[in-house]
Amino acid sequence: MSLGAVLDMARKDVTIPANATTQILKELHADFIRKQEKDHASLEYLTTEFLRMSGLYWCFTAMDLLGELEAFADAEEAEVVRTVRECQKPCGGIAPAPNHEAHILYTLSAVQIAVMLKFVDQLDVEGIVKYVKSRQNPDGSFGGDRYNEIDTRFSFCALAILHLLDRLYEVDTESATEYILSCHNTDGGFGTRPGSESHSGQVYCCLGSLAILGRLELIDQDRTGEWLAQRQCDSGGLNGRPDKLPDVCYSWWVLASLAILGQLEKIDKGAMIKFITACQDDETGGFSDRPGDVADPFHTVFGLAGLSLLEVGGLEPIDAVFCMTKKALGEKLLYR
Ligand code: GRG
């Protein structure tokens, strides 16, 4: 390991290489995503079956941001509709892949894909609603699956699914709100459960939930905005919590949270763009977590989504709550 890398680890930041790309390599990123969907024999494809449905959502959203959704969807749609239908289980929930169990995370990804590609009518919507309702606990929290692990991520998934299906009234929104507020910390952030450490991924889920519930006024938004602004490191990148390394995915979790609060100006936009563009692979396309690492679809969609929120690169405008393009959401946009 070089001395520079050791120093970076100690100060919990990265150094952006002097020769890092500053252009947004849109065509290369579209090629990168096409390759992911074609290469079903690769080790990455075979070892990521447990999250396949979310992988599809990341790839379709990335292509939508790049303005390439129609051609890509035309080639993939029949197979995607068949896969999503095969993944819907008798309980109504949707699994990441046909031989896996239903989970609320993959149910949201499937609904997002169905909204994006306009095939919601080919799913058992009543089954999905029944499943989401069955995941709510008496304290308002939501469990992710039949084992009932509780996490504010799952509250967001439940509320987002129901909003996208126009069925929010099917769950107890008062106790859902109370539960989210019980996970709000004095530092302004939110955690997975009451008393857990603030993390920007959970902040995104809790602010997204309150936005869907129409209850953002119940928190001190400036305090939360300050905690989010403190996530920006000297390199310009954002971390998920204090004393951690920046990662391009937080360009989504943190920026989207600030966008929901209408406080994007709290971030140094130029430094942020420099960090995100430096995370691109200028040979293969795609984005990695930090400059010089290996690119993958997860960091690619969130890198592009962050750039879209910052309104650079001519990307399709993204919605901060649902992480889908405004075009794909259409009538389902919360804020127009
Ligand atoms: C529709 C975009 C969308 C999301 C659905 C699943 C979900 C709702 C949100 C996930 C929010 C979340 C918890 C994001 C964080 C993901 C992440 C990279 C966690 C890493 O945690 P650590 O502890 O990393 O490994 P740090 O950076 O804290 O060291």
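Is there a residue in segment 194-209 that is open to solvent by 20 Å² or more (accessible area, probe 1.4 Å), closer than 22 Å to Ser308 by Cβ and not basic (Lys, Arg)? Scanning segment 194-209 turns up no residue that is open to solvent by 20 Å² or more (accessible area, probe 1.4 Å), closer than 22 Å to Ser308 by Cβ and not basic (Lys, Arg).
Listed here are the residues, each with its yes/no results for (1) open to solvent by less than 10 Å² (accessible area, probe 1.4 Å); (2) away from the ligand (no atom under 16 Å from the Cβ).
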residue: Glu68; (1), (2): no, yes
residue: Ala75; (1), (2): no, yes
residue: Cys91; (1), (2): no, yes
residue: His100; (1), (2): no, yes
residue: His103; (1), (2): no, no
residue: Val132; (1), (2): yes, no
residue: Phe142; (1), (2): yes, no
residue: Asn148; (1), (2): no, yes
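Candidates are the residues of segment 258-302 that are hydroxyl-bearing (Ser, Thr, Tyr) and touching a Cys at 6+ places or on another chain (Cβ under 9 Å); the one that is nearest to Leu66 (Cα to Cα) is Thr300. For segment 260-295, filtering for residues that are under 25 Å from Asp220 (Cβ atoms) and within 13 Å of the ligand (Cβ to nearest atom) leaves 1.
Within segment 11-42, if we keep just the residues that are open to solvent by 80 Å² or more (accessible area, probe 1.4 Å) and not charged (D, E, K, R), the residue that is nearest to the ligand (Cβ to nearest atom) turns out to be Thr15. Of the residues making up segment 105-155, just one is on the phi > 0 side of the Ramachandran plot and touching a helix residue (DSSP H, G or I) at 6+ places or on another chain (Cβ under 7 Å), namely Gly140. In the set (1) within 12 Å of the ligand (Cβ to nearest atom); (2) of a type in the set (A, V, I, L, M, F, W, C); (3) over 25 Å from Glu37 (Cβ atoms); (4) part of a helix (DSSP H, G or I), Phe298 fails one condition alone, (3). The number of residues in segment 155-176 being within 16 Å of the ligand (Cβ to nearest atom), under 14 Å from Tyr131 (Cβ atoms) and open to solvent by 10 Å² or more (accessible area, probe 1.4 Å) comes to 1. The residues in segment 241-256 that are near the ligand (Cβ under 9 Å from one of its atoms) and farther than 21 Å from Met9 by Cβ can be counted, and the count is 3. Among the numbered conditions (1) in contact (Cβ under 8 Å) with a residue 24 or more places away in the chain; (2) among the hydroxyl-bearing types (Ser, Thr, Tyr); (3) surrounded by fewer than 17 Cβ atoms within 10 Å (Cβ to Cβ), the only one that Tyr45 does not meet is (1). Across segment 319-336, the qualifying residues are those that are open to solvent by 10 Å² or more (accessible area, probe 1.4 Å) and within 19 Å of Ser209 (Cβ to Cβ), and the one among them that is nearest to the ligand (Cβ to nearest atom) is Ala320.
Pairing residues of segment 1-16 that are modelled with pLDDT of 75 or more with residues that are open to solvent by 80 Å² or more (accessible area, probe 1.4 Å), at Cβ distances under 6 Å and at least 6 apart in sequence or on separate chains, gives Asp8/Thr15; Lys12/Asp243; Asp13/Asp234.
The values are calculated or read from the model by the stated rules, or taken from the named source; none is laboratory data. Fair warning: this is a prediction, and the values are worked out from it, not measured in the lab. In this analysis, Cβ positions are derived from the backbone assuming ideal geometry, glycine residues included, and neighbour counts consider all displayed protein chains. With ligands, DNA and RNA removed, areas are computed over all heavy atoms of the protein, side chains included. Shrake-Rupley method; radii C 1.70, N 1.55, O 1.52, S 1.80 Å.
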